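See structure below.
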Amino acid sequence: MDIESCLERCSRCELLEESEIAALCYRYKETLLDAPNMAQLASPITVVGDIHGQFQDLVELFRVAGPCPSTNFLFLGDYVDRGSHSVETMAFLVCLAVRFPARITLLRGNHETRQITQVYGFYAECVKKYGDATVWREFTDLFDFFPLAALVDNSIFCVHGGLSPSLLTLDQLKLIDRFREIPSEGAMADMVWSDPDPIREGFNQSNRGAGFTFGADVVERFCDVNRLLHVLRAHQLCMEGYQVLFGATLSTVWSAPNYCYRCGNLASVLEIGASSSVDFFFNVFGPAPPDASLGPLKDPPPD
């Protein structure tokens, strides 16, 4: 596999051959096999929320935030489903991660599963573009290898969804067997499904049907026990591109502008500077200009 050729074609939103996807996923699995459940990262770094197959907006994101490898990136998951170019988005990001492993980290989101991708578009897109489900299987097998969280500067805990009543310390996270489909309950599920609740304290049942909602007291306790300054996550649409809660101890970053090509929201990336304290800048951006070469954008499957 010629990784430079693959990367160049992916950057133009061209489909890779099925054999190239298989080789690419194999190479990245080799990298991730010995990686910990929680990646240890350092600032400066740019953190990215949900992308959901919006390839044009991913290109716009790199224009706004700076290209890889010039900029260090941490992606918080949900690369596929709903958007029109989930295959191209996933291939591009994995190419970057294989080519620049020290510069880009991909975490797992709740959409990086076999079950969810069969409902919200990625499976159907793979079959449509390749004629069968082989590419879908390659990517969904790869998802089992993705880390579940990251720790920036030993003080900023980064995860796709949120916290869990089954996860009180970072040491407990290290013991999770992540090399599998995300289960329906437990710490692994909660980390990709849970949401903060600005009103209620404690853990409460989520209306998503998985994970929990958690209050300011939960975040405060988790930060105190683990000597953290901040919890950073994605997973929830923010009309302004981001949201800061709980006395600035938790932030949500959302990186898919005009989500589903109809929500009218802004997007952002969070730029964490190299500082002795939390140095945050939410770099807000809107949708990319339409690219006629990619064809018409289509509404995603209904919820």
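The values are calculated or read from the model by the stated rules, or taken from the named source; none is laboratory data. Being a predicted model, the structure only gives us computed values, none of them experimental. Ideal geometry is used to build each Cβ from the backbone, glycine not excepted, and the neighbour counts take in all protein chains shown. We work out accessible area using only protein heavy atoms, side chains counted, and drop any ligands, DNA or RNA first. Shrake-Rupley method; radii C 1.70, N 1.55, O 1.52, S 1.80 Å.
What to note about this one:
- The single condition from (1) basic (Lys, Arg); (2) open to solvent by less than 10 Å² (accessible area, probe 1.4 Å); (3) without any contact (Cβ under 8 Å) to a residue 24 or more places away in the chain that ARG108 fails is (3).
- Of the residues making up segment 223-253, those that are small (Gly, Ala, Ser) and within 18 Å of LEU107 (Cβ to Cβ) are ALA234, SER251.
- So ASP291, is it within 21 Å of VAL47 (Cβ to Cβ), open to solvent by 50 Å² or more (accessible area, probe 1.4 Å) and at pLDDT below 95: no
- Lone qualifier among SER194, SER206, SER251 - being over 20 Å from MET38 (Cα atoms) and of a type in the set (Ser, Thr, Tyr): SER206
- In segment 128-143, of all residues being open to solvent by 50 Å² or more (accessible area, probe 1.4 Å) and without any contact (Cβ under 8 Å) to a residue 12 or more places away in the chain, the one that is nearest to PHE179 (Cα to Cα) corresponds to ARG137.
- From CYS25, CYS10, CYS6, residue being more than 28 Å from LYS174 (Cα to Cα), open to solvent by less than 20 Å² (accessible area, probe 1.4 Å) and either among the aromatic types (Phe, Trp, Tyr) or out of contact with any Phe, Trp or Tyr (no Cβ under 6 Å at 6 or more places or on another chain) (or both): CYS6
- Residues being hydroxyl-bearing (Ser, Thr, Tyr) and under 16 Å from CYS158 (Cβ atoms) - total across segment 1-59: 2
- Qualifying residue in segment 113-126 (condition: closer than 19 Å to ASP34 by Cα and either more than 16 Å from the chain's Cα centre (by Cα) or in contact (Cβ under 8 Å) with a residue 60 or more places away in the chain (or both)): no
- Per this entry, ALA91 is counted among residues that are closer than 19 Å to ARG137 by Cα, buried (at least 23 other Cβ atoms within 10 Å of the Cβ) and at pLDDT 95 or above.
- Here segment 1-56 is the region considered, the condition is being touching a helix residue (DSSP H, G or I) at 6+ places or on another chain (Cβ under 9 Å) and part of a strand (DSSP E or B), and the residue that is nearest to VAL278 (Cα to Cα) is THR46.
- Residue list for segment 154-176, filter: modelled with pLDDT of 95 or more, closer than 28 Å to ARG27 by Cα, part of a loop (DSSP other than H, G, I, E, B) and out of contact with any helix residue (DSSP H, G or I) (no Cβ under 8 Å at 6 or more places or on another chain): LEU175
- The single condition from (1) in contact with a Phe, Trp or Tyr (Cβ under 7 Å, 6 or more places away or on another chain); (2) within 27 Å of PHE55 (Cβ to Cβ); (3) not in a loop (DSSP other than H, G, I, E, B) that VAL218 fails is (2).
- Residue in segment 95-104 that is among the basic types (Lys, Arg) and in a loop (DSSP other than H, G, I, E, B) present: yes
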